[in-house]
Amino acid sequence: QVQFVESGGGLVQPGGSLRLSCAVSGISFRLDAMGWYRQVPGKQRELVAAISSGGMLLYADSVKARFTISRDNAKNTVYLQMSILEPEDTAVYYCNTRPPFQHYWGQGTQDTVSS
């Protein structure tokens, strides 16, 4: 069964950092492109960052130079290092493949950036 389990969110002040982790099971992880997505109430879920099976990176313009996506194929885990966080980064963050398995979204992890 496909499963994505996100962790690492929390409350942080503007300018702070967080590191998200996502444990993945049920897919051929090393062969799949992975992505981090985020959603705020009333808006569509958006792609924040992606990493291909070969390590190619893609970032939304709003997070370039602040966020870093990485993966550990031995652990079936994808990470998102977030730095210089802004209130606008407040959202629920999800991981999934890219393109995503639409019926297998995890619970996500809430990140709140506030002073």
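The values are calculated or read from the model by the stated rules, or taken from the named source; none is laboratory data. Owing to the predicted nature of the structure, the values given are computational and were not obtained by experimental measurement. We place every Cβ from the backbone using ideal geometry, glycine too, and count neighbours over all the protein chains shown. Only protein heavy atoms, including side chains, enter the accessible area calculation; ligands, DNA and RNA are left aside. Shrake-Rupley method; radii C 1.70, N 1.55, O 1.52, S 1.80 Å.
Quick look at the numbers
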| item | result |
| --- | --- |
| Filter result (over 16 Å from L31 (Cβ atoms), touching a strand residue (DSSP E or B) at 6+ places or on another chain (Cβ under 7 Å) and open to solvent by 40 Å² or more (accessible area, probe 1.4 Å)) within region 92-106 | Y104, W105 |
| Every residue from region 8-43 that is in a strand (DSSP E or B) and more than 15 Å from the chain's Cα centre (by Cα) | L11, V12, S25 |
| Any hit, region 59-66, residues being open to solvent by less than 20 Å² (accessible area, probe 1.4 Å) and either in contact (Cβ under 8 Å) with a residue 60 or more places away in the chain or out of contact with any Ser or Thr (no Cβ under 9 Å at 6 or more places or on another chain) (or both) | yes |
| Count of residues meeting criterion [open to solvent by 10 Å² or more (accessible area, probe 1.4 Å), closer than 13 Å to F101 by Cα and not acidic (D, E)] in region 29-50 | 2 |
| Condition met for K75 (surrounded by 12 or more Cβ atoms within 10 Å (Cβ to Cβ) and among the charged types (D, E, K, R)) | yes |
| Per-region count, region 14-58, residues touching a Leu at 6+ places or on another chain (Cβ under 8 Å), under 16 Å from E88 (Cα atoms) and in contact (Cβ under 8 Å) with a residue 60 or more places away in the chain | 6 |
| Residues being crowded, with 19+ Cβ neighbours inside 10 Å and either under 13 Å from the mean Cα position of the chain (by Cα) or of a type in the set (D, E, K, R) (or both) - total across region 80-91 | 4 |
